[in-house]
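First up is the structure itself, then whatever we jot down about it.
Nothing in this text is a laboratory measurement; each read-out follows from the coordinates by a stated rule. Worth saying up front: this structure is predicted, and the values here are computed from it rather than measured. When we count neighbours, we look across all protein chains shown, and the Cβ atoms used for this are built from the backbone with ideal geometry, even at glycine.
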Amino acid sequence: MKSFIFILPLLFALLAGCSTDLEQNSRADIWKGLPNQLLTPDEVQTEISLKMHRVKDFLKTEGLDGMLLTQVRNFYWMTAGLANNQIVLNKDVGAASLLIMKDGSRFLICSGSEAPRLMNETLGKLGYTLRMYNWYEANPVKDTRGEIIKSIARGGKIGSDIDYPGTVNVANQFKKLRYSLTDTEIKRYRWLGKQTTEAVETVCRHLKPGMDEFRIEAMTAAEIRSRGILPTVLLIGSDDRIYQYRHALPAGAKLKKYAMVNVVAEKWGMPIAVTRFVHFGPLPEELKSKLEKTARVNAYYQKATVPGASTGDIFEMCKHWYAEVGFEGEWKKHHQGGAIGYDDREYVIYPGIREVVQEKQAFAWNPTITGAKVEDTMIVYKDHFEVITRTDDWPTVDIKIDGKVYPQPAILVVQ
């Protein structure tokens, strides 16, 4: 009995120690503590000033007296990534709106649920005036938001990026203002591309045969969220499902030899697209060949994407690129990607598209040949392009075109 009493304190101490270790190693403690914002106050003001000029020019061109921004991506865009109006994560229509008038005055229009947070933490410092309504005053019977717009506009014409009382929807015209990135947007985008790619490649290096696709999906989501980034696309495929489905949503199949991790993930309203593959054991020659041919098509896309280029012409050229590598017509099986920046794709290319590549515009091409895919995010400059989803320690395949080498992501082979 005495020996039992003596052992009890020791047992409790051991249990307490185990509990502490479990808490320290808990998956709940995965936050990496990365910065939520990168810009200095001066950089923020410079970016917003540039965008105010763009908006004023847009208002003049469109014959508008003001522009109302409610889409989450435009809310972020107008505030240099500082202010977030997204409450429901799967909705792009935010819970608050910014009204920019042609005289430079700026208003926040929202209910009391959003007003204190937005005014106290960001928009008050950015010079916005609050026009608040009660949550129950915006409903199908009576919507007071139209009266607020009317009181500010005083008979003027107000554009909007959604259908909104007292405005005209000009979303398609307005989104072009986002295409050419500012220097400070590029600063954020580079950081985001690096972090997203490192997250995907970290997951790839931790995969093991026997893991199912749902587990890999959870690993990917957790790794991305641990960096303060939000995944918006999670395509996780393994083995035969990669060959069967271009969009392989996870379905629970267990990984045997071949895995795909394909994501779009965003922060500050700016999405990054990246895909990586892992193969366990020797890479079959057919798969190796398909990946290299897909990589060549992607290199052609990169070479052709220069400021001033017609995306319609690029689309027509892609048909020849696929034929050149021996897969004529393969382009029909999946969209080829296109511009990115503040939408998962600002546009994808298609027959007859009239968009023109702009300087400092972001693109994410994603050519596929059944079983293989190459997808990275890049920014286009006057005399070069920059792949912002490239890391130093992922295997590459070097594609040479006209004497220039275009490194492309290869399949990570685990022996």
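Below 9 angstrom from the Cβ of Ile401, what's the summed charge of the other residues (Lys, Arg +1; Asp, Glu -1)? Computed value for this residue: +3. By the combined test of axial Cα extent (at least 15 Å) and Kyte-Doolittle hydropathy (mean at least 1.0), the qualifying DSSP H helices of the chain come to 2-24.
Would you list, by chain and number, the lysines whose Cα falls below 16 Å from the Cα of Lys208, excluding same-chain residues fewer than 8 positions away? By straight Cα distance, Lys208 reaches Lys254, Lys256, Lys257. Pairs spanning more than 18 Å between alpha-carbon atoms, out of Lys175/Lys333; Lys303/Lys404; Lys332/Lys360; Lys56/Lys157; Lys187/Lys267; Lys102/Lys142: Lys175/Lys333; Lys332/Lys360; Lys102/Lys142. Here segment 400-415 is scanned for amide nitrogen atoms under 13 Å from the site 7 Å beyond the Cα of Met317 along Cα-to-Cβ, giving 401-402. The His335 and Phe214 beta-carbon pair, evaluated with R₀ = 22 Å, returns a calculated FRET efficiency of approximately 0.25.
Proximity of backbone amide H atoms, modeled 1.01 Å from N, is registered between Glu346 and Ala339, Ile340, Gly341 at under 5 Å, excluding neighbours fewer than 5 places apart on the same chain. For segment 41-178, the calculated P(r) over all alpha carbon pairs, in 5 Å bins from 0 to the bin holding the longest distance, is 2, 10, 21, 26, 22, 13, 5, 1, 0 percent.
Counting 0.36 nm for each residue step from Lys254 to Ser310 and taking away their Cα separation leaves a gain of 15.8 nm. A simple packing score, the average count of other Cβ atoms within 10 Å per residue, orders the peptides 390-399, 272-281, 302-311 as 272-281, 302-311, 390-399, with the highest score first. From its DSSP helices (H runs of at least four residues, each -39,500 (n - 2.57)), the chain gives a residue-normalised ellipticity at 222 nm of -11000 deg cm²/dmol. Dividing the C-alpha radius of gyration of segment 297-357 by 2.2 N^0.38 Å, with N its residue count, gives 1.08. Over all alpha-carbon pairs in segment 183-414, figure out the percentage whose distance exceeds 25 Å. Cα-Cα pairs of segment 183-414 separated by over 25 Å account for 36 percent. The shape of the chain can be summarised by an equivalent ellipsoid whose semi-axes, obtained from the alpha carbon gyration tensor, come to 40, 35, 18 Å from longest to shortest.
Amide H contacts under 5 Å for Phe280: Tyr258, Val414, restricted to partners 5 or more places along the chain or on a different chain, H placed in the peptide plane at 1.01 Å from N. The charge dipole of segment 83-132, taken about the Cα centre with unit charges on the Cβ atoms of Lys, Arg (+1) and Asp, Glu (-1), comes to about 80 debye, rounded to the nearest 20. Remark: spin-label model distance Glu324-Leu50 equals 3.3 nm, labels positioned 7 Å along the Cα→Cβ axis.
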